[in-house]
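Visitor: Can you keep this structure in mind? I'll have questions shortly.
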There are 6 protein chains.
Amino acid sequence: MIYLTRRETFNAAHRLFKKEFSDEKNLEIFGKCSNPNWHGHNYELFVTVKGEINQDTGLLINLKQLSEIIRLYITDKIDHKNMNTEVPFMTGKIASTESLAEAIWKELEQPVAACGAVLHCIRLEETENNYVEYYG
Amino acid sequence: MIYLTRRETFNAAHRLFKKEFSDEKNLEIFGKCSNPNWHGHNYELFVTVKGEINQDTGLLINLKQLSEIIRLYITDKIDHKNMNTEVPFMTGKIASTESLAEAIWKELEQPVAACGAVLHCIRLEETENNYVEYYG
Amino acid sequence: MIYLTRRETFNAAHRLFKKEFSDEKNLEIFGKCSNPNWHGHNYELFVTVKGEINQDTGLLINLKQLSEIIRLYITDKIDHKNMNTEVPFMTGKIASTESLAEAIWKELEQPVAACGAVLHCIRLEETENNYVEYYG
Amino acid sequence: MIYLTRRETFNAAHRLFKKEFSDEKNLEIFGKCSNPNWHGHNYELFVTVKGEINQDTGLLINLKQLSEIIRLYITDKIDHKNMNTEVPFMTGKIASTESLAEAIWKELEQPVAACGAVLHCIRLEETENNYVEYYG
Amino acid sequence: MIYLTRRETFNAAHRLFKKEFSDEKNLEIFGKCSNPNWHGHNYELFVTVKGEINQDTGLLINLKQLSEIIRLYITDKIDHKNMNTEVPFMTGKIASTESLAEAIWKELEQPVAACGAVLHCIRLEETENNYVEYYG
Amino acid sequence: MIYLTRRETFNAAHRLFKKEFSDEKNLEIFGKCSNPNWHGHNYELFVTVKGEINQDTGLLINLKQLSEIIRLYITDKIDHKNMNTEVPFMTGKIASTESLAEAIWKELEQPVAACGAVLHCIRLEETENNYVEYYG
């Protein structure tokens with residue numbers, strides 16, 4: 001079993017809030033991240049897939065293909081976008097790093113499997129000081 | 001003469017556009033950065049000041065004081081904010097890295113001088129792939 | 001289950017030695033790290049906690065609260081300090097990265113649990129070339 | 001149980017290809033990485049070992065000894081070399097990151113055990129955008 | 001005057017040697033970098049251009065255009081290539097970081113000028129421990 | 001004219017204080033950095049030299065030789081040491097980053113000149129958030 005990780009980056013605006021909450025409650029729970037006028041981040045996304053090394057090619061899967069899957073399913077849809085209002089796979093969700101990592105997992109699980117590998121981990125870094133990991 | 005640099009970070013939403021331009025022209029000039037729904041970045045700000053080493057203390061200026069000046073004049077006003085609509089020193093300006101670096105210089109020149117050093121350079125990194133430097 | 005990691009930094013002096021060992025034995029086991037006049041490092045501390053995403057908020061726990069716990073229990077007590085002589089949770093221990101990671105775990109396990117998450121991993125980076133991980 | 005990781009770096013030339021494949025098939029499978037005139041990388045190698053902390057010394061194993069093992073068995077043999085033609089432990093293998101990580105594991109497993117620790121993971125970073133992990 | 005820097009990356013094989021020198025002299029001058037079987041690096045290229053901010057757009061020049069110039073003139077020609085034998089602008093030159101930076105300057109000076117900016121600096125990082133800067 | 005930079009690292013303990021000052025004044029001027037029990041840092045030292053490219057070799061100077069000079073004159077004397085009490089070139093000086101950069105310049109100016117290059121800049125990074133540059 002070998003684990004292969006591809007890093008991709010994207011930039012997006014977001015705010016943490018829940019429309020059912022009052023402004024006061026949003027501020028209490030989400031702090032300055034609830035700013036109604038948005039803020040944003042440079043996200044670093046690490047997608048780890050696992051499987052057996054193909055004895056014929058010495059590779060797990062084609063890295064370029066993995067990169068294209070991530071771009072097609074994730075970064076083309078979220079890069080330079082507003083995560084709360086424009087990203088199909090985030091509709092109706094709170095725009096937290098936790099929710100986003102979970103949503104990215106759901107988008108990538110099938111396409112990665114179609115390449116012959118198994119999705120292992122989504123690591124999503126929001127700033128140099130915090131990141132989340134999701135293993136399904 | 002010694003040069004001392006302090007790094008501070010902030011996150012903000014922005015879009016590149018000019019209200020006098022048509023949507024088509026904004027898109028042509030600014031590309032995906034003109035998205036009307038905003039996007040955002042983790043900015044890294046490097047403020048370099050210069051002067052003679054104080055022979056009594058071995059320091060150029062108090063680094064904590066420099067950090068507090070940058071927070072008071074810059075990061076408290078822009079962190080977790082929308083650069084186009086909420087940041088006083090960006091009012092009426094295009095929210096480009098170039099304009100922002102120039103605006104930060106204007107905000108910091110006097111307070112740095114009041115500490116006994118001379119502002120030398122504003123370096124502003126928008127992503128790992130691009131940054132600007134402004135020397136006044 | 002989601003994993004959330006917070007990075008904090010601190011600087012400290014230390015030396016690796018055991019008072020029961022002779023100077024020669026300390027030097028043999030710990031090399032230049034046993035220098036009686038101390039040396040020091042910029043430590044990077046990564047605290048990983050785990051749990052279920054709160055369906056009401058989209059968060060695991062409040063990140064600011066996690067940061068404050070780390071500062072209260074760890075960095076306020078060790079930053080700009082001498083790890084061998086001034087840090088309560090290192091009293092009587094060898095000031096190795098291994099021991100320090102283990103000690104940090106013990107300090108943080110309860111306060112993290114009180115926030116509704118489970119402490120998963122302490123990663124402590126002493127230099128760019130070495131780090132330890134402790135999982136309890 | 002504690003996990004200790006040492007980072008070492010090396011530079012090497014390689015090409016991805018299989019001599020039994022036609023040039024067209026090599027190009028199809030390996031893309032520009034199959035260039036017959038070689039290309040190369042700065043590799044970052046992270047070797048993680050695990051075990052109990054020695055209660056007498058507060059250490060898992062001697063870090064300098066671990067570094068020397070990695071140099072003796074790996075970097076002295078591959079640094080500034082051609083991975084396809086000059087590195088004994090890569091003879092007859094496809095020079096992929098996957099194969100190289102697996103080969104490094106085989107070289108290091110015994111010497112690490114002889115130091116009193118257990119080899120846990122080989123992480124090999126080929127570029128800032130991709131790396132593999134192998135756990136035996 | 002504002003300075004704008006774009007980072008691009010490429011990987012290449014090379015060896016430092018001069019065909020007029022004996023093998024012994026090549027080894028004496030260039031050390032292990034003269035290995036006849038090649039080695040290679042991940043290069044980071046920072047291209048800095050300067051000029052006045054365009055008051056109409058708030059930009060120095062279009063960053064995407066700068067990136068495309070660097071790809072067209074430099075990285076498309078050197079990425080995943082052998083610097084000694086396959087790169088037109090390095091023909092007949094010693095494949096040192098110094099020579100490469102100077103050659104990149106010559107390739108980029110005109111195209112950058114055609115965009116309305118002035119080439120200011122080529123910074124070329126060969127490893128995390130060494131880089132060169134060339135200002136024309 | 002080409003500029004070549006070599007990075008070296010070292011770890012050291014220090015405190016900022018002046019024996020002629022009272023404890024209160026030391027604390028007022030140097031804050032927590034004046035802790036009498038020491039603290040420490042991982043320093044990154046960037047030494048930049050300049051000169052003409054040698055047309056015979058394509059090099060400015062031998063990089064390995066530059067690295068050895070830095071080790072011989074600087075890092076062998078300060079690595080894993082107490083900067084205030086054990087480092088000959090810091091005797092009688094306040095152990096600030098500013099003073100240390102200036103002292104490193106004085107140590108390196110002659111040996112660099114003896115190699116046929118001119119010392120251009122000492123950049124000394126104390127933490128990820130602050131560094132000084134000294135140009136003589």
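Visitor: Could you grab me the full set of residues in segment B:88-114 that are open to solvent by 30 Å² or more (accessible area, probe 1.4 Å) and either within 11 Å of another protein chain (Cβ to nearest Cβ) or not basic (Lys, Arg) (or both)?
Guide: Those that are open to solvent by 30 Å² or more (accessible area, probe 1.4 Å) and either within 11 Å of another protein chain (Cβ to nearest Cβ) or not basic (Lys, Arg) (or both): B:88, B:91, B:92, B:93, B:102, B:107, B:109, B:110, B:113, B:114.
Visitor: While we're here: If we keep just the residues of segment F:65-87 that are farther than 21 Å from residue F:136 by Cβ and touching a helix residue (DSSP H, G or I) at 6+ places or on another chain (Cβ under 6 Å), which is nearest to the other protein chains (Cβ to nearest Cβ)?
Guide: Taking the candidates together, the pick is F:80.
Visitor: Go through the residues of segment F:45-56 one by one and say whether even a single one is small (Gly, Ala, Ser) and more than 20 Å from residue F:125 (Cα to Cα). Outline the logic, then answer.
Guide: At the first step, the residues of segment F:45-56 found to be small (Gly, Ala, Ser) are F:51.
Pick out the ones that are also more than 20 Å from residue F:125 (Cα to Cα) and you get F:51.
Taking every residue of segment F:45-56 in turn, at least one turns out to be small (Gly, Ala, Ser) and more than 20 Å from residue F:125 (Cα to Cα).
Visitor: Given (1) facing another protein chain (nearest Cβ under 8 Å); (2) at positive phi, identify the lone condition not met by residue B:9.
Guide: (2)
Visitor: Looking at residue D:60 and the list (1) over 23 Å from residue A:67 (Cα atoms); (2) within 7 Å of another protein chain (Cβ to nearest Cβ); (3) without any contact (Cβ under 8 Å) to a residue 12 or more places away in the chain, which single condition is not satisfied?
Guide: Condition (3) is where residue D:60 drops out.
Visitor: Across segment E:122-136, what is the total count of residues that are open to solvent by less than 20 Å² (accessible area, probe 1.4 Å) and either under 12 Å from the mean Cα position of the chain (by Cα) or touching a residue at least 60 places away in the same chain (Cβ under 8 Å) (or both)?
Guide: Matching residues across segment E:122-136 total 3.
Visitor: May I pose another question? Evaluate segment D:68-80: report whether one residue or more is open to solvent by less than 10 Å² (accessible area, probe 1.4 Å) and either more than 30 Å from residue C:23 (Cα to Cα) or hydroxyl-bearing (Ser, Thr, Tyr) (or both). Walk me through it before giving the result.
Guide: Initial filter on segment D:68-80 (open to solvent by less than 10 Å² (accessible area, probe 1.4 Å)): D:70, D:74, D:78.
From what is left, the residues that are either more than 30 Å from residue C:23 (Cα to Cα) or hydroxyl-bearing (Ser, Thr, Tyr) (or both) are D:74, D:78.
Yes, that holds for at least one residue.
Here is a yes/no grid of residues against (1) without any contact (Cβ under 8 Å) to a residue 24 or more places away in the chain; (2) within 12 Å of the chain's Cα centre (by Cα); (3) within 21 Å of residue A:131 (Cα to Cα):
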{"residue": "A:45", "(1), (2), (3)": "no, yes, yes"}
{"residue": "A:82", "(1), (2), (3)": "no, no, yes"}
{"residue": "A:87", "(1), (2), (3)": "no, yes, yes"}
{"residue": "A:103", "(1), (2), (3)": "yes, yes, yes"}
{"residue": "A:106", "(1), (2), (3)": "yes, yes, yes"}
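Visitor: Examine segment A:19-40 for a residue that is within 14 Å of chain B (Cβ to nearest Cβ), touching a strand residue (DSSP E or B) at 6+ places or on another chain (Cβ under 9 Å) and open to solvent by less than 10 Å² (accessible area, probe 1.4 Å), and state whether such a residue exists.
Guide: Yes.
Visitor: In addition: Would you call residue A:16 within 14 Å of chain B (Cβ to nearest Cβ), at pLDDT 95 or above, touching a Ser or Thr at 6+ places or on another chain (Cβ under 6 Å) and at negative phi?
Guide: Taking the combined requirement at face value, the residue satisfies it.
Visitor: Report yes if residue E:46 is more than 7 Å from every other protein chain (Cβ to nearest Cβ) and touching a Cys at 6+ places or on another chain (Cβ under 9 Å), otherwise no.
Guide: yes
Visitor: Checking residue F:52 against (1) in contact with an Asp or Glu (Cβ under 9 Å, 6 or more places away or on another chain); (2) more than 14 Å from chain C (Cβ to nearest Cβ), which single condition isn't satisfied?
Guide: If we test residue F:52 against (1) in contact with an Asp or Glu (Cβ under 9 Å, 6 or more places away or on another chain); (2) more than 14 Å from chain C (Cβ to nearest Cβ), just (1) comes out false.
Visitor: Run down D:102, D:44, D:28, D:68 and say which single residue is of a type in the set (Asp, Glu) and in contact with an Asp or Glu (Cβ under 9 Å, 6 or more places away or on another chain).
Guide: None of the other options fit; the residue is D:44.
Visitor: Return the residues of segment E:1-47 that are among the hydroxyl-bearing types (Ser, Thr, Tyr) and closer than 30 Å to residue E:108 by Cα; say none if nothing qualifies.
Guide: E:3, E:5, E:9, E:34, E:43 - these are the residues of segment E:1-47 that are among the hydroxyl-bearing types (Ser, Thr, Tyr) and closer than 30 Å to residue E:108 by Cα.
Visitor: While we're looking at this one, here's another question. Output yes when any residue across segment F:75-82 is of a type in the set (A, V, I, L, M, F, W, C) and over 16 Å from residue F:10 (Cα atoms), and no when none is.
Guide: Looking through segment F:75-82, none of the residues is of a type in the set (A, V, I, L, M, F, W, C) and over 16 Å from residue F:10 (Cα atoms).
Visitor: In segment A:108-117, what residues are under 28 Å from residue C:55 (Cα atoms) and in contact (Cβ under 8 Å) with a residue 60 or more places away in the chain?
Guide: Once the filter is applied, which keeps residues that are under 28 Å from residue C:55 (Cα atoms) and in contact (Cβ under 8 Å) with a residue 60 or more places away in the chain, segment A:108-117 yields A:108, A:112.
The values are calculated or read from the model by the stated rules, or taken from the named source; none is laboratory data. Note that the structure is predicted; figures quoted are calculated from it, not measured. Because the Cβ atoms are built from the backbone with ideal geometry, glycine has one as well, and the counts that use them run over all protein chains shown. Heads up: the accessible areas ignore ligands, DNA and RNA and are worked out on the full protein's heavy atoms, side chains in. Shrake-Rupley method; radii C 1.70, N 1.55, O 1.52, S 1.80 Å.
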